[in-house]
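Just below is one structure, and these are the notes that go with it.
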Amino acid sequence: MKGVLICGELKDEKITSVSKELITTGMRLSNILNQPLDFMLIGDNGNEVAEEVINLGVDRVLTVQGQGYSDLHPERLVAILNQVCERIGPKIILFGQTDMGRDVAPRLAAKLGASVCMDCVDLAFDMASQALLPTKPVYGGNALAQWTSPIQRPQVVTMRPRSEKPAEPGPSKKGKTESIAVEIDETTIRSQLMETTYQEEKGIKLEEAKVIVAGGGGIGGSEGFGLIQELANALGAAVGTTRVPSDENWMPKSLEIGQTGHMVSPSLYIAVGISGAPQHLAGCSSSKLIVAINKDPQAPIFDMADYGIVGDYREVLPSLIEKLKDLKE
Amino acid sequence: MNIIVCVKQIQDPEIPASKFRLDADGKKVIPPEGIPPVINPYDEQAVELALRIKEQHGGQITILTIGDEGASSVVKHALAMGADEGVLLLDSAFEGSDSFGTAYILSQAIKKIKEFDLLLCGRQAADWDEGAVGSILAENLGLPLITLAESVDFSEGRWQVKRVILDGYQIFAVPAPVILTVSHELGPPRLPSGWGIITASKKEIPIWDANHIEAEPTQTGGGASRKKLVKLFIPARERKCEIIEGVKPEEAAGALAKKMREEGAL
């Protein structure tokens, strides 16, 4: 049992930013342990990005290809990963807390007899006890918990997106690419993937947005989001929501920011009618500047904001939109 | 249709951050005074899904929980919502179990309940926010698993499950029996009816201990945990909020626009 294995992910044929963040974490651990860092890509296009991944600091890129391997099909992915791990025997296996990680990681840990820590924001290593020290938000982000987990047993960890800086390409590094042949007996895969639908976000992607205007339960209904959209248009911003608007179907679920949605860190985050539950703040607290507009002066969002206006958004936003238009001219 | 739902009693996750307290050595959360513990909201949604399925297909809903005597109140809550029976898994050997210990205890109990078509868990417990028990349970029982279920259909021995992903959804078809973890997109759970509360209060909740479910002591409790808690701490809040005042909303809005520009955020 040796080495650190990153379960990397591609989106639109590019390495995802969370995968680059995992390389930062993985390099740190591989240096401390003086053990190799492997980066695995399951599915198509793995070879195309291999060189880029090596330049980010990885010792070996492992690619696994086969029919349907590119699908987000957790049961099949677990079977593939189980075979790969049995063959190469990694000590530490890193995932992002993504659609893939949050489903596959605990199942893989159960198969491997590993320890698991989900949704970590920090991953240290203690030399003296030879143990990983993962830290994760608990109680909806009200507290952080640090754990110790001895590495005699394999360790599976998922890292929350944006917990580390993404790895930067260095001068050309030495590393190799290996293709691993994995045969899956499809009769052992009991769940059948019928459909995967990505609901297109109109306009700017939340993760890439420089400015986000987000509306919460205080908006009161889907009509109110007209004003949110207007403000977003004036700023060239993306629109986000909290759980209430998405649970109440005022706005699409794909716009939700927080523990169960997107993790964002724009330069400006304007929170409108958002009380500031820790579960929501988990997704936006790393924003550079946070502005809160809420009629309740006691709302916890004001503890997390840089500037605040206590007032009804229906009165504040139209004026703000006007002022912003004036500033532009 | 026989459905098993695993539920957990937790500290009310809706309490304001100002009431959230840790003990001095950072090992425990101090329960807030006067605010009773609740059924984990995601588990309550799993109960709701079970009830919706029962309304359509008939059948029997069994609730399982692990905890102390007080935890029987979350079983009662599920019974009051309309579940048929419940079991409390209670043994000092269970205390301090991690996700693997918890999944082991549940799987031993489930083996005692012979037949079922569907096993439901909430997507995660809103205290430790790990979201691993349902998945480990599926591995222990050798059953197919679909996580983050939003809605389900059943016909001809197969489940069709819509599951939530970050930017959309997936649909899986899977033969029964299956384990699903339920996500909040399912929608709000029903309130217990007055009649439900009365019938639930009269129901006995049997207690099963380690012997009864043939649980190996080496597999449960703090000693079997694969990771140990070092400490709990409250994250530092570094921001200081400047409240922008104005006699009229226009004034405040104008001042805010200026501030945002000064900060270089526009």
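Overall shape: oblate for the stretch A:80-145, with the ratio a/c of the largest to smallest alpha carbon gyration tensor axis at 1.5 or above and b/c at least equal to a/b. Number of Lys-Lys pairs in the stretch B:1-86 with C-alpha atoms under 25 Å apart and a separation of 8 or more places or on different chains: 8. Values of log10 I(q)/I(0) for the stretch B:223-266 across q = 0.25, 0.26, 0.33 Å⁻¹ run -0.94, -0.96, -1.12, by the Debye formula with one identical scatterer at each alpha carbon and no solvent. In summary, the aspartates and glutamates within cross-link reach of B:Lys231, defined as a Cα separation below 12 angstrom excluding same-chain residues under 8 places away, comprise B:Asp23, B:Asp25.
Placing dummy labels 7 Å off each Cα toward the beta-carbon, the span from A:Lys165 to A:Asp312 is 4.7 nm.
Within the straight-line cut-off of under 28 Å between alpha carbons, the lysines reachable from B:Lys259 are A:Lys205, A:Lys210, A:Lys288, A:Lys295, A:Lys323, A:Lys325, A:Lys328, B:Lys240, B:Lys248, sequence neighbours fewer than 8 places apart in one chain being disregarded. With the simple model of a label 7 Å out from the Cα in the direction of the Cβ, A:Met1 to B:Glu55 spans 4.8 nm.
For chain A, relative contact order (Cα pairs under 8 Å, six or more residues apart, normalised by length) works out to 14 percent.
Entry for the stretch B:1-158 at q = 0.15, 0.18 Å⁻¹: log10 I(q)/I(0) = -0.81, -1.15, Debye formula applied to identical alpha-carbon scatterers, no solvent contribution.
Using a cutoff of 8 angstrom between alpha carbon atoms and counting only pairs six or more residues apart, the relative contact order for the stretch A:206-328 works out to 25 percent. So how tilted is helix B:249-262 from the main axis of chain B? Cα-based, degrees 0 to 90, rounded to 10. With rounding to tens, the tilt is 90 degrees.
Sorted into 10 angstrom bins from 0, the C-alpha pair distances of the protein assembly as shown split as 3, 16, 26, 27, 19, 8, 1, 0 percent.
Between the stretch A:241-302 and the stretch B:112-177, what is the separation of their alpha carbon centroids in Å? The stretch A:241-302 and the stretch B:112-177 have Cα centres separated by 28 Å. Taking a Cβ cut-off of under 14 Å around B:Ile205, the surrounding Lys, Arg, Asp and Glu residues balance to a net charge of -3, with basic ones at +1 and acidic ones at -1. Computing FRET efficiency as 1/(1 + (r/R0)^6) for B:Thr218 and B:Glu238, where r is the C-beta to C-beta distance and R0 is 60 Å, gives about 0.85. For the stretch A:206-328, the calculated P(r) over all alpha carbon pairs, in 10 Å bins from 0 to the bin holding the longest distance, is 15, 52, 31, 2 percent.
When you filter the trypsin sites (Lys or Arg not before Pro) in the stretch B:107-192 for DSSP loop state and at most 12 other Cβ atoms inside 10 Å of their Cβ, you are left with B:Lys114. For chain B, relative contact order (Cα pairs under 8 Å, six or more residues apart, normalised by length) works out to 24 percent. Figure legend: label point modelled 7 angstrom from the Cα of B:Thr199 along Cα→Cβ; residues of the stretch B:37-66 with amide N under 14 Å from it are B:51-52, B:54-55, B:58-62. With K and R counted +1 and D and E -1, the other residues having a Cβ less than 9 Å from that of B:Lys8 yield a net charge of -2. Divided by 2.2 N^0.38 Å, where N counts the residues, the Cα radius of gyration of the stretch A:40-125 comes to 1.11. In this simple spin-label model, placing a label point 7 Å from the Cα along the Cα-to-Cβ direction at both A:Ser286 and A:Glu183 gives a separation of 4.3 nm. If you run the Gaussian network model on chain B, springs between alpha carbon atoms under 10 Å, then out of B:Gly67, B:Gly196, B:Gly26 the most flexible one is B:Gly26. Which net charge results when you count Lys and Arg as +1 and Asp and Glu as -1 among the other residues whose beta-carbon is under 12 Å from that of B:Gln108? So the surrounding residues net to -2. Decide, for the stretch A:167-255, between rounded, prolate and oblate: order the square roots of the alpha carbon gyration tensor eigenvalues as a ≥ b ≥ c, take rounded if a/c falls under 1.5, and otherwise choose prolate if a/b is larger than b/c, else oblate. Taking the square roots of the gyration eigenvalues as a ≥ b ≥ c, the stretch A:167-255 is oblate.
By the gyration tensor of its Cα atoms, with a ≥ b ≥ c the square roots of the eigenvalues, what is the shape of the stretch B:135-177: rounded for a/c under 1.5, prolate for a/b over b/c, or oblate? Here the stretch B:135-177 falls in the oblate category.
Values in this text are rule-based calculations from the coordinates and carry no lab data. Fair warning: this is a prediction, and the values are worked out from it, not measured in the lab. Every residue, glycine among them, receives a Cβ derived from its backbone with ideal geometry; neighbour counts consider all protein chains shown.
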